[in-house]
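In what follows, a structure is listed as structure tokens, so that the remarks can point back to it.
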Protein chains: 2
Amino acid sequence: MSMDASGEELSDLEVENGVKHCGFEDEPETIAIMDAVKVLLQGLGEDINREGIKKTPLRVAKALREGTRGYGQTANEIIQSALFPEDGLHKGVGQAGGAGGIVIVRDIDFFSYCESCLLPFQVKCHVGYVPSGQRVVGLSKLSRVADVFAKRLQKPQRLADQICSALQHGIKPGGVAVVLHCLHTHFPSLESFFLDSKSPGWVKVLVQSGSGAFESQDADIWMDFFSLLKFRGTYPSKAGASDSNAQHWCPSQFSSASKFSTKPEPLNLKMTTAVTSILRSLGEDPSRKELLGTPGHFVNWLMSFQNCNVEMKMDMNKLNGFANGRNHFDHNENSNLSEKQIQSQMNFLFWSQCEHHLLPFYGVVHIGFIRDDGLTPLEKSLLNSVIHFYGFKLQVQERMTRQIAEMVSSLLGTDVIVVVEGSHTCMISRGIEKFGSTTATIAALGRFSSDAAARSMFLQSIPQTTIGEL
Amino acid sequence: MSMDASGEELSDLEVENGVKHCGFEDEPETIAIMDAVKVLLQGLGEDINREGIKKTPLRVAKALREGTRGYGQTANEIIQSALFPEDGLHKGVGQAGGAGGIVIVRDIDFFSYCESCLLPFQVKCHVGYVPSGQRVVGLSKLSRVADVFAKRLQKPQRLADQICSALQHGIKPGGVAVVLHCLHTHFPSLESFFLDSKSPGWVKVLVQSGSGAFESQDADIWMDFFSLLKFRGTYPSKAGASDSNAQHWCPSQFSSASKFSTKPEPLNLKMTTAVTSILRSLGEDPSRKELLGTPGHFVNWLMSFQNCNVEMKMDMNKLNGFANGRNHFDHNENSNLSEKQIQSQMNFLFWSQCEHHLLPFYGVVHIGFIRDDGLTPLEKSLLNSVIHFYGFKLQVQERMTRQIAEMVSSLLGTDVIVVVEGSHTCMISRGIEKFGSTTATIAALGRFSSDAAARSMFLQSIPQTTIGEL
């Protein structure tokens, strides 16, 4: 594993097979993005020399440039390198799959960057084509071609159309079908968290694109295709149109833009100018129609994680009033569990922003504590406040878990256990692309740190959840 | 996308960020592996100049060298580059997760190469550690460190131990826990297919490794760890030992070695010598104890896919006898579906070997046909024979689907539809690593090619299956 000048290792991908690194950090595009990220961090009220974030500008530059590398790639060359003659035993059949045959590769996971807000979104991709001209394409190339277009600033319908068109022109088959399940994070707002803690964290759209035999959305062959996708049974048996909301799916387009604009105007201008510079460094044209609002959207997203806006995030008066009034609780450490019960509050939603990569992480918080009476509604809303106070800032999950535990302990008593289950966008995007991986962290204070049985009782009661999967 | 001299595209990974390719194909290790693969292809009875396989030696060399790149990597540098100070608000707590805290990254998918047979196996990895010394490691590094050791010739327990040890020494935490779910293909034998078509296609083992607080398998902290893994509830609540069969899990070690040794001895010697040369080219010592049997195991595996051994694969007399006697069937094309019913036979298991990468693919075959009487047991066994005749050779799924359809059509009548659902090892190993992706192919002959309703009726009736998932 090679090291670069900053001590940051190069990704495994860059040094394999004797491949050499070519001064990525010194390239003007990288430097421009790093400078822009520093402006954004300062706009968030962060100290850019703080240990946890001092390499964040470099990490963000690497992630963004890797994540948009598709601008420099050409799908057709990928396809041409892996077209295999497949005339078969019976020349008369003429198609590799036999008459009416389709080849479908299902459930290809990848991510793309939303052109409207610059956040990554997840894609589950299904590609099909009807071989003709007595040739087939290597199966992995369907995935590689999809990736070429995913690694650009995108919206779902255009992504599907571009994949479809590239395969149609490259393979020249009887037809091509592309179906994408896309999953975009909601823009969390504090209001929505307090009004509706059950609000789904995701915007989901399904888009499709077809050419040749799949050109018409009414073609029977769409039925064959959908029959063989794993979600058959839930999807209408006849191929329908793409989701009508796919054009305006990004929550940035319908969130109230002024919600988080608490900073004075000049600073926001500096931040949006920085994002415009990032777009240009990625090889995009910031004056392209779809990108005009992007800098503002991204800054709005970021500003919901600005540091120090305590007043906005939780009602501190409520908190203080509660803390002052709670001295009636019994703190006898020697009482046993039959007197005091383990109470648990499961599945608080949280949102946060990874300070290492400026990418969201999100999931659920479970809180356990020992006492002999139940929580009041006031206390539940208080726990929610504590979670969002520590969530809505640049964070790491480990620290957030400890901070929530310590705060809850100071409010409800010393015996507290907190479990956070999070999905990290930085684990699915960048070079790592580990879809389905989740992170769990535990902080156990008081009796929970020493009493394995109490800890185990709480941990075993945590419900099975799936976080952020399609 | 750059092209190399052979017209094979470079993987996306090699050209990103201006990274240049450094003559991979001209390196002596690559040339030696390519030469060895040619020997293996010839031993299988293949024409190495056939269009579909003429670049297979290069593809295999790339896959193997990429898949064992871990020999050239050092885990400690990865860790040191991403240790973050995390002293938190309350110094007294001393651990990032709070007292008793654990950080767990769950469900990391990757693959490794089995040192006993040289085939890739799937791994679902769960890593946990107890932060101490007021520092945490970047979450993605747990995955990257696991990958360093996975990209070598491995067996499950050593892989778990090496990941655990590297993290313990690199992070110096309170403890490290590693749990691996490993999934290895069975070695298909024709006998087992005919005796027991329900035989599970997989060997599964669970191994664990612990250090520090996790050193003892009886430590309470293992309970915390397992409570937070997704398979809790199915796994014993108290951490057990690793699967006792993990040491000898590779089916090559208990398959009868002589089963497929139908070729004269000198050829097998030439083939095993070629595999030994591959091991050496990957940087391994072929005289290492665990590798002594590997060339023989790999050749045995390959030889089950040798071309032209028809007699071994199906009872041709049975087939010919059946075909000659079947002229009593009614072939009136104009009869309607109320007279003739769509019959279907679902979920025949198949195994095959991808001719592009010399890697297995496997899954299920579904067959539909139109006639007014049911299948006899003889016919079911015949369909099984046809599937394995076309499966047990170097193949592509598209061709296999068509060949099965055409043969079944000649046996049972012209109206035949065949669907193959396959998992391709070449889609999870190599650079592509698309876990969970599957490929479906359709061949529709006779009425099924023109009658969308009949086709749809059959396709909708295919049961939901999950192929090759952990």
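The values are calculated or read from the model by the stated rules, or taken from the named source; none is laboratory data. Quick caveat, the model's predicted, so the values are computed rather than measured. FYI the Cβ positions are ideal-geometry reconstructions off the backbone, even for glycines, and counts take in every protein chain you see.
Here are some notes:
- Scan of segment A:420-431 for residues that are at negative phi and more than 7 Å from chain B (Cβ to nearest Cβ), ordered by number: A:420, A:421, A:422, A:423, A:425, A:428, A:429, A:431
- Among residues of segment B:124-148, those that are over 23 Å from residue B:158 (Cβ atoms) and part of a helix (DSSP H, G or I), counted: 2
- Against the conditions (1) farther than 30 Å from residue B:51 by Cβ; (2) buried (at least 21 other Cβ atoms within 10 Å of the Cβ); (3) modelled with pLDDT of 90 or more, residue B:412 satisfies every one except (3).
- One residue from B:206, B:229 being in the same structural domain as residue B:170 (by TED's automatic domain parsing), modelled with pLDDT under 90 and aliphatic (A, V, I, L, M): B:229
So that you can scan it fast, the table gives a plain yes or no per residue for (1) small (Gly, Ala, Ser); (2) at pLDDT 85 or above:
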site	(1), (2)
A:331	no, no
A:346	no, yes
A:362	no, yes
A:380	no, no
A:402	no, yes
A:408	no, yes
A:422	yes, yes
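- So residue A:365, is it buried (at least 20 other Cβ atoms within 10 Å of the Cβ) and either more than 31 Å from the chain's Cα centre (by Cα) or within 8 Å of chain B (Cβ to nearest Cβ) (or both): no
- The residues in segment A:104-114 that are under 14 Å from the mean Cα position of the chain (by Cα) and over 10 Å from residue A:435 (Cβ atoms) can be counted, and the count is 3.
- Among the residues making up segment B:29-64, those that are touching a strand residue (DSSP E or B) at 6+ places or on another chain (Cβ under 7 Å) and crowded, with 16+ Cβ neighbours inside 10 Å are B:44, B:46, B:52, B:53.
- Screening the candidates B:442, B:432, B:417, B:404 for the property of being without any contact (Cβ under 8 Å) to a residue 40 or more places away in the chain and crowded, with 24+ Cβ neighbours inside 10 Å yields one hit, B:404.
- From the options B:363, B:422, B:374, residue that is among the small types (Gly, Ala, Ser), in contact (Cβ under 8 Å) with a residue 24 or more places away in the chain and more than 20 Å from residue B:304 (Cα to Cα): B:374
- Residue check: residue A:434 meets all listed conditions (1) within 9 Å of chain B (Cβ to nearest Cβ); (2) assigned to a helix (DSSP H, G or I); (3) not small (Gly, Ala, Ser) but one, namely (2).
- Test result for residue B:135, within 11 Å of another protein chain (Cβ to nearest Cβ), at pLDDT below 95 and out of contact with any helix residue (DSSP H, G or I) (no Cβ under 8 Å at 6 or more places or on another chain): no
- With respect to being in contact with a Ser or Thr (Cβ under 7 Å, 6 or more places away or on another chain) and closer than 14 Å to residue A:102 by Cα, residue A:153 falls outside the description.
- Selection within segment A:284-305 - closer than 23 Å to residue A:69 by Cβ and part of a loop (DSSP other than H, G, I, E, B): A:284, A:285, A:286, A:287, A:288
- Look at (1) out of contact with any Ser or Thr (no Cβ under 9 Å at 6 or more places or on another chain); (2) more than 8 Å from chain B (Cβ to nearest Cβ); (3) at pLDDT below 85 and you find that residue A:454 fails only one, number (3).
- Selection count where residues are away from every other protein chain (no Cβ under 11 Å) and more than 18 Å from the chain's Cα centre (by Cα), scope segment A:386-407: 4
- When residues of segment B:212-230 are limited to those that are surrounded by fewer than 22 Cβ atoms within 10 Å (Cβ to Cβ) and among the acidic types (Asp, Glu), the one nearest to the other protein chains (Cβ to nearest Cβ): B:220
- Restricting segment B:71-81 to residues that are buried (at least 20 other Cβ atoms within 10 Å of the Cβ) and touching a strand residue (DSSP E or B) at 6+ places or on another chain (Cβ under 9 Å) leaves a set whose member that is farthest from the other protein chains (Cβ to nearest Cβ) is B:79.
- Test result for residue A:160, part of a helix (DSSP H, G or I), buried (at least 21 other Cβ atoms within 10 Å of the Cβ) and at pLDDT 90 or above: yes
- Residues in segment B:138-165 that are more than 12 Å from every other protein chain (Cβ to nearest Cβ) and within 23 Å of residue B:221 (Cα to Cα): B:156, B:157, B:158, B:159, B:160, B:161, B:162, B:163, B:164, B:165.
- If you filter segment A:1-28 down to residues that are surrounded by 16 or more Cβ atoms within 10 Å (Cβ to Cβ) and over 22 Å from residue B:83 (Cα atoms), you find that the one that is modelled with the highest pLDDT is A:27.
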